[in-house]
Amino acid sequence: MTQFNDLNLDPKVLKAIAEAGYETPTPIQAGAIPPALEGRDVLGIAQTGTGKTASFTLPMITLLGRGRARARMPRSLVLCPTRELAAQVAENFDTYAKHTKLTKALLIGGVSFKEQDALIDKGVDVLIATPGRLLDHFERGKLLLTGVQIMVVDEADRMLDMGFIPDIERIFGLTPFTRQTLFFSATMAPEIERITNTFLSNPEKIEVARAATTGENIKQGVVMFRASRKDREGSEKRALLRRLIDAEGESCTNAIIFCNRKMDVDAVAKSLKKHGYNAEPIHGDLDQSQRTRTLDGFRAGEVKILVASDVAARGLDVPAVSHVFNFDVPSHAEDYVHRIGRTGRAGRKGSAIMICNPRDEKNLEDVERLVQNTIPRLEDPKGAKPAPAEAPVAEAANEEERPRRTRSRTRSRSRDEARPEDKSAAAAEPKAEAKPAPKAETKPQPKAETKPEPKAEAKPEAKTEPKPEAEPKPAAEPASEPKRGEARGNDRNRGGRDRRRNEARDEDVVGMGEDTPAFIAKSFEERRAS
């Protein structure tokens, strides 16, 4: 069996490895270190958790043992897709290079430029960075990449597949053509491999396991989930997650829960805290200090459940993770391999459980096609604390229905309030129209027409009627005006009322007939006598 002593590494590096407790290299380390020490380009593909970081860190420290760094001109460059992975590579470098005089600088977002500029100005042998922050320093004129001798791209498929291609191409253009390039990843799709061929020159390909395979020591399973109602899907899915955690019992010492979206990370973490679980979120929108503090607490055992986006899926070395829960089926099948690779590391046993919605079944098929294996279906453990899970669901449903009910009540109220007005208007109108009805019946009586007195009275009526009748009309009109305003919503009723009012006015002008009050007739007789 190959030992680290057989790999021609620097004695100081071997001493650090022995102090770290390692004796035998992993297959990827045994295959990648010899060609890297020879100065050849390397393309390494292996399962996650097999020690790929040491595969390029150990030969890099050995090759950089001779020479001295110059200000603003690093001698080697390591590119990582996330801040957490870059920080982890820096920790590995500190572990293996503690007996050497090599220096390093970590360039990641969320940290002050001033501190990073101070390190670069002194000169560093190893520069570990994310692409965005590296280009920021270069554009500020604080960094030169013309002295890079060794360039490493960690998690190469993610760097090239998730929008980093323009940045990677630009960075490669800023480095010397004679550099040594090392690519490492757990997955390498054929189209991504063709892209890497443009950056590597006659590379030594080390593939210790079929690409995109999962560890045999990881127990996998998927629960097919269907919500009872669309608006309850989130709460019911979180309740199912809690039942799955409870069903694992004491075997679940700690766990990482992966979500596709950052908003789901916050929602799941908040829900778990509400139900008494020790959980903390971690995703790209959080401050770097908070992300580092959360990750350190999870490693130290202070945080039992880490709810994360894919920012924590790539390359993070968190020892002794017992369970991985996929709250969502990853949209990229390769992410499934990286996610469940957080458990079952260093020969330990692990469990990976996934929840699948009907709309995610296509992504599930892609995952099974990639790993070339059917993931076993699991049953919903409904017997594990169903009461706490259902209570918030009912409350959420009631809260969502309350605004709808209040709106319907206000609408019904407005209808009910409008109906009495219409009834009062309708009731008031017949009363106003009932007065001319008896007048119309009394007019055609023959006695009133044959008497000569009404003819003589018709002349003074034409002169005198406007004076007494001008007084009652203003009193009648204000009563009719509100009716007209109340009935504006219905044009047909308004037109009918207007016609009836006009007819009533015309009939009032004709005269009063035999119903004329005695005091009015008396005034006419006095005038006639005078």
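Can Phe258 be described as surrounded by 19 or more Cβ atoms within 10 Å (Cβ to Cβ) and within 24 Å of Tyr277 (Cα to Cα)? The answer is yes for Phe258. Looking across region 139-194, the residues that are acidic (Asp, Glu), surrounded by 19 or more Cβ atoms within 10 Å (Cβ to Cβ) and modelled with pLDDT of 80 or more come down to Asp154, Glu155. Within region 305-317, how many residues turn out to be at pLDDT 90 or above and in contact with an Asp or Glu (Cβ under 9 Å, 6 or more places away or on another chain)? Number of matching residues: 3.
A Cβ distance below 7 Å, combined with a sequence gap of six or more or placement on separate chains, defines the contacts here; from region 342-367, residues that are part of a helix (DSSP H, G or I) reach residues that are hydroxyl-bearing (Ser, Thr, Tyr) and surrounded by fewer than 20 Cβ atoms within 10 Å (Cβ to Cβ) in the pairs Asn363/Ser331.
The values are calculated or read from the model by the stated rules, or taken from the named source; none is laboratory data. As the structure is a prediction and not an experimental result, all values here were calculated from the model. Every residue, glycine among them, receives a Cβ derived from its backbone with ideal geometry; neighbour counts consider all protein chains shown.
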